[in-house]
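Enquirer: Before I ask anything, here is the structure I am working with.
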There are 2 protein chains.
Amino acid sequence: MKKGKATIHDIAEKLNTTASTVSRALNNNPRISDATKKQVLKMAKQLNYQPNNIASALRSGKSKLIGVVVPTANRNFFSSVVRGIEEIANNLNYKVIISQSYEEYDKEVDTIETLLSARVDGIIASIGKNTENFEHFQKVLDKGIPLVLFDRITDHLEVSQVVIDDYYGAYQTVQHLIKQGCKRIVHFTSPKKINIYKERLRGYEDALKENGIPFDPLLIEESNMQLEDGRQSMQHILDKKIHFDAVFSASDYAVMGAIQVLKEHHVRIPQDVKLAGFGNEPFTTFSDPSITTVDQKSIPMGRVTAETFFDLLKSGTNSVPQKTVLKPELIIRQSSQSPEEYKTLNFDQNDLTNSSY
Amino acid sequence: MKKGKATIHDIAEKLNTTASTVSRALNNNPRISDATKKQVLKMAKQLNYQPNNIASALRSGKSKLIGVVVPTANRNFFSSVVRGIEEIANNLNYKVIISQSYEEYDKEVDTIETLLSARVDGIIASIGKNTENFEHFQKVLDKGIPLVLFDRITDHLEVSQVVIDDYYGAYQTVQHLIKQGCKRIVHFTSPKKINIYKERLRGYEDALKENGIPFDPLLIEESNMQLEDGRQSMQHILDKKIHFDAVFSASDYAVMGAIQVLKEHHVRIPQDVKLAGFGNEPFTTFSDPSITTVDQKSIPMGRVTAETFFDLLKSGTNSVPQKTVLKPELIIRQSSQSPEEYKTLNFDQNDLTNSSY
DNA sequence: ATATAATATGCAATCGATTGTACAAATAAT
DNA sequence: ATTATTTGTACAATCGATTGCATATTATAT
């Protein structure tokens, strides 16, 4: 029916006024009388007017878009952070463009480029595992475009950051395992020494030290820490007949793999070996046994990240980079302690062929 | 160092030519000589020129943005579809804005509004469970903006759609369970009779009929089909001492819950009860036992959806809506048949307190 | 050599909203 | 009543790229 979309000019014409007045009225500019505002609003509704954000963005230089770069949206942690960010952003009338880097450096660079040319007002990002060069982020900073990093951060940039205390989370977890009587604790970590894995390793080491348990490099398994990697790491430990009584994995996925392998070898969990992961992925609750893990406070992290971002947006780039550290929470489940019903399950113990642990 | 970003005017000035020539050169317009093009490209690089998509969008009416609405990005299926869409879109130099409706009707309406005012060139969506009114989508169609629906569709709109053959997937699964000897097959479905659940139920019914097995309403459990719902449904069946030997759930999450409850009652899987889900969520591979399920061909679905979308974009809205149906794939795992190693696990059978199945 | 066609480039309007400045009307101050 | 002040609107430039049309240049045909 109606032809092209209505513009402020159409509204102005109908009202025998000008576009500038209409614009100001719509933006609730104090210089416009209430009477005119009311008229304009009414006519806008009548004409089914929808503001053209593109035009507005061009003129004002503000797109009201913010780009969020995550390694993958398909991870509870990241999608929850995004949800937290969206919450805040939408309240402020900003829209969020989610881009995935898929842990690929090239994709990440591309994606930043894309967001910049989409003229986002700022960028929130978590760095991919394989990123070792940060020029693309530096470029963002150089252009004076607000940038906030969360979780996967780097020291190579002067930028606001929001992280959890990975050190503390790991430390608490290992302390817990030790309290459960474990002394030979395997640690799954990544060869990529990005901040989160470095910190978790440090927490592991310090907890051992504090309890007078010697650090044994044989207990450290490096991998990409997906499920399959966890399987291989576990298998590797078993094959080498390394004595161990617990596993602390920097990733929930890897610990899941380890559990599978242990089960296949009829190792009892948690009686013979206790395990803990990191991340509180949903499957850790419904795995059998359920998995002790560290919750990363994803939604709060999203909110805090967004708040940091909007502070930055307001204050301009001159403000000093802020680093916020959130406390993670250790969530103790079956895999690291023996609840009653579990003890009654009575797995067949004759099948314990591997006696090295 | 460099002040404001370079524009085509800056390039033109340096080259002693005009913005229009530069614009055409950058867009590889055949009316510009190769020599000039080369010069322009070189100068663009030199000035670190970055096209202003906003300006381009305003003038051309094409934002090169496409909006994708999913109930939640935090589901393997949806994030994979998005990945498929991105693949195609990025190749064509389009960017994807992902929006999540979180299965909330209001959010969905809002999100569509937001995308429209961001002036996306079109929308790809999967409808939330609670959406029963489709005016917001109709509005998109009325504006002549390309719209394609995938997976969660509706008959209330004349719109291009991409789905898998849910009927076929369910039918195959139930046939499989019957071949395994099952005759009393519980079905978990949703009270929301959206297309996918209707079709899966139909497949279930037809498979039974074809095998001369009577349909028993007592075996149908309706819920929201999250993990907890699956637990409750299973518990409900057990409490009512309804005889059954299999569960076919329209959701992987619900079947996971069912498995937990069955285990708690020391029901042996798959010896006593066989189970199958739908969706091929990652956890179905590493659950114990691993879960038979239906793969929804998410990446291909994403690709096909994107292709359908871009066809529509090219041909204009006058083209007839297309419906594409992809074949899903039944993936048989431990939960529905007895592999060798499983038989040797020897769960304690004395604990079978519930003898009603 | 002149007309015709083909090729390459420039001019200027345009997309729709924003905003600094100018101006008119209304109100207040003298 | 006249000037000063406030209040409300209008004018016109602007953001940066695109594009129909005009024009200049070169190549081809006659």
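Enquirer: I'd like to check one number: the per residue accessible area of the stretch B:78-155, probe 1.4 Å, reported in Å² as a whole number.
Expert: For the stretch B:78-155, the solvent-accessible area averages 33 Å² per residue.
Enquirer: Run the numbers for A:Asn224 and A:Ile242: contour at 0.36 nm per residue of separation, minus the present Cα-Cα distance, in nm.
Expert: Working: separation 18, 0.36 × 18 = 6.48 nm, distance 2.11 nm.
Gain in length upon complete extension: 4.4 nm.
Enquirer: While we're looking at this one, here's another question. Taking each label point as 7 Å beyond Cα in the direction of the beta carbon, state the distances from B:Ser33 to the same residue in the other copies, shortest first, in nm.
Expert: 6.2
Enquirer: Then there's this: Can you order the peptides A:179-190, B:63-74, B:37-48 by their average number of other Cβ atoms within 10 Å per residue, highest first?
Expert: Numbers: A:179-190: 19.8, B:63-74: 23.5, B:37-48: 15.5.
In descending order of packing, they fall as B:63-74, A:179-190, B:37-48.
Enquirer: Give, to the nearest whole percent, the P(r) tail of the stretch B:8-51 beyond 18 angstrom, counting all Cα pairs.
Expert: 11 percent
Enquirer: Can you pull the Rg over Rh of the stretch A:1-139, Cα-only, Kirkwood?
Expert: A ratio of 1.14.
Enquirer: Continuing with this model, one more query. If you put a point 7 Å past Cα along the Cβ direction, how far is that point for A:Asp295 from the same point in each other copy, in nm, smallest first?
Expert: 3.5
Enquirer: Now for a different question. List the equivalent ellipsoid semi-axes of the protein assembly as shown in whole Å, largest first, each obtained as the square root of 5λ for an eigenvalue λ of the Cα gyration tensor.
Expert: 50, 34, 22
Enquirer: For chain B, what is the mean residue ellipticity at 222 nm derived from helices alone (per DSSP H run of n ≥ 4: -39500 (n - 2.57); sum divided by total residues; nearest 500 deg cm²/dmol)?
Expert: Rounded to the nearest 500, the figure is -13000 deg cm²/dmol.
Enquirer: Take A:Asp155, project a point 7 Å from its Cα along the Cβ direction, then tell me which residues of the stretch A:186-229 have their backbone nitrogen under 19 Å from it.
Expert: Once the point is set 7 Å along Cα→Cβ of A:Asp155, A:190-206 turn out to lie under 19 Å by backbone N, inside the stretch A:186-229.
Enquirer: Oh, and also: B:Lys38: which lysines have alpha carbons under 29 Å from its alpha carbon, excluding same-chain residues fewer than 8 sequence positions away?
Expert: Answer for B:Lys38, where 29 Å is the Cα cut-off: A:Lys107, A:Lys139, A:Lys143, B:Lys2, B:Lys3, B:Lys5, B:Lys14, B:Lys62, B:Lys64, B:Lys95, listed by chain and number.
Enquirer: Would you give the gap between the C-alpha center of the stretch A:209-231 and the C-alpha center of the stretch A:245-268, rounded to a whole Å?
Expert: Distance between centres, Cα-based: 12 Å.
Enquirer: Semi-axes of the equivalent ellipsoid for the stretch B:165-311, please: Cα gyration tensor eigenvalues, times 5, square-rooted, ordered largest first, whole Å.
Expert: Those come to 26, 17, 14 Å.
Enquirer: Compute for chains B and A the buried accessible surface, both sides summed, probe 1.4 Å, and express it in Å² to the nearest 100.
Expert: Answer for the B-A pair: about 4400 Å² buried.
Enquirer: Quick check of the Kirkwood formula: for chain A, what is the inverse mean of 1/r over all pairs of different Cα atoms, in Å?
Expert: Hydrodynamic radius (Kirkwood, Cα only) of chain A equals 23.2 Å.
Enquirer: From the label point of B:Ile220, set 7 Å along Cα to the beta carbon, how far off in nm is each other copy's matching point, shortest first?
Expert: Computed spacing set for this position: 6.0 nm.
Enquirer: Taking 0.36 nm per residue of separation and subtracting the Cα-Cα distance, what length does fully extending B:Lys183 through B:Thr285 add?
Expert: 34.2 nm
Enquirer: Do any residues of the stretch B:112-134 show a loss of at least 50 square angstrom of accessible area between the isolated chain and the full protein assembly, using a 1.4 Å probe, and if so which?
Expert: B:Ser117, B:Arg119
Enquirer: Express the accessible area of the stretch B:8-51 per residue in Å², computed with a 1.4 Å probe while the remaining protein chains stay in the model. It would help to have the intermediate numbers written out before the result.
Expert: On the way: 3080 Å² over 44 residues.
Here the per-residue accessible area is 70 Å².
Enquirer: Take every residue in peptide A:288-296, count the Cβ atoms of other chains within 10 Å of its Cβ, and give the average of those counts.
Expert: 1
Enquirer: Another question, if that's okay. Run the quick spin-label model on B:Lys45 and A:Ser33: label points 7 Å from Cα toward the beta carbon, then report their separation in nm to one decimal.
Expert: 6.1 nm
Enquirer: Under 18 Å from the Cα of B:Lys42, which aspartates and glutamates turn up, not counting those fewer than eight places away in the same chain?
Expert: Partners found: B:Asp10, B:Glu13, B:Asp34.
Enquirer: Which whole number in µm²/s is D for the stretch A:19-77 by Stokes-Einstein, with the Kirkwood Rh taken over Cα pairs at 4 °C and 1.567 mPa s?
Expert: Roughly 92 µm²/s, to the nearest whole number.
Enquirer: While we're on this one: Within a 10 angstrom radius of each residue's Cβ in A:49-55, how many Cβ atoms of other chains show up on average? Whole number is fine. Walk me through the numbers on the way to the answer.
Expert: Details: counts 0, 5, 1, 4, 9, 13, 5.
Per residue, the number of nearby Cβ atoms from other chains is 5 on average.
Enquirer: Can you pull the percent of the stretch A:8-51's accessible area that's carbon plus sulfur, 1.4 Å probe, other chains left in place?
Expert: 46 percent
Enquirer: Which far-off residues, 5 or more places away or on another chain, put their amide H under 5 Å from the one on A:Lys297, with H placed in the peptide plane?
Expert: A:Glu329
Enquirer: How many lysine pairs does the stretch A:217-316 hold where the Cα atoms are under 26 Å apart and the two sit 8 or more places apart or on different chains?
Expert: Close lysine pairs found across the stretch A:217-316: 7.
Enquirer: Convert each backbone phi in the stretch B:277-292 into a coupling constant with the Karplus relation 6.51 cos²θ - 1.76 cosθ + 1.60 (shift: θ = phi - 60°), then list the ³J(HN,Hα) values in order as whole Hz, x for Gly and Pro.
Expert: Per-residue couplings from phi come out as x, 8, x, 6, 5, x, 5, 5, 7, 10, 6, 10, x, 5, 10, 5 Hz.
Enquirer: Separation of the stretch B:279-322 and the stretch B:102-181 by C-alpha centroid, Å?
Expert: The stretch B:279-322 and the stretch B:102-181 have Cα centres spaced 12 Å from each other.
Enquirer: Over chain B, what is the mean sequence separation of C-alpha contacts under 8 Å (at least six apart), divided by residue count, expressed as relative contact order in percent?
Expert: Rounded, it is 16 percent for chain B.
Enquirer: Given the convex hull over the Cα atoms of the stretch A:164-225, what projected area results after averaging over all orientations, in nm²?
Expert: Here the figure is 3.9 nm², rounded to one decimal.
Enquirer: Okay, next question. Amide H neighbours of B:Ser251 under 5 Å, at least 5 residues apart or on other chains, H built in the peptide plane: list them.
Expert: Correct list: B:Phe278.
Enquirer: Of the listed peptides A:6-12, B:302-308, what is their order by residue-averaged count of other C-beta atoms within 10 Å, with the highest listed first?
Expert: Most protected by this proxy first, the peptides run B:302-308, A:6-12.
Enquirer: Measure off 7 Å from each Cα along the Cα-to-Cβ vector at B:Ile213 and A:Thr324, then give the distance between these two points in nanometres to one decimal.
Expert: It is 5.3 nm.
The values are calculated or read from the model by the stated rules, or taken from the named source; none is laboratory data. Note that the structure is a prediction, hence the values are computed from the model and not measured. Here the Cβ is made from the backbone with ideal geometry for all residues, glycine too, and neighbour counts use every protein chain on show. Areas reflect the complete protein model, heavy atoms only, side chains present, ligands, DNA and RNA absent. Shrake-Rupley method; radii C 1.70, N 1.55, O 1.52, S 1.80 Å.
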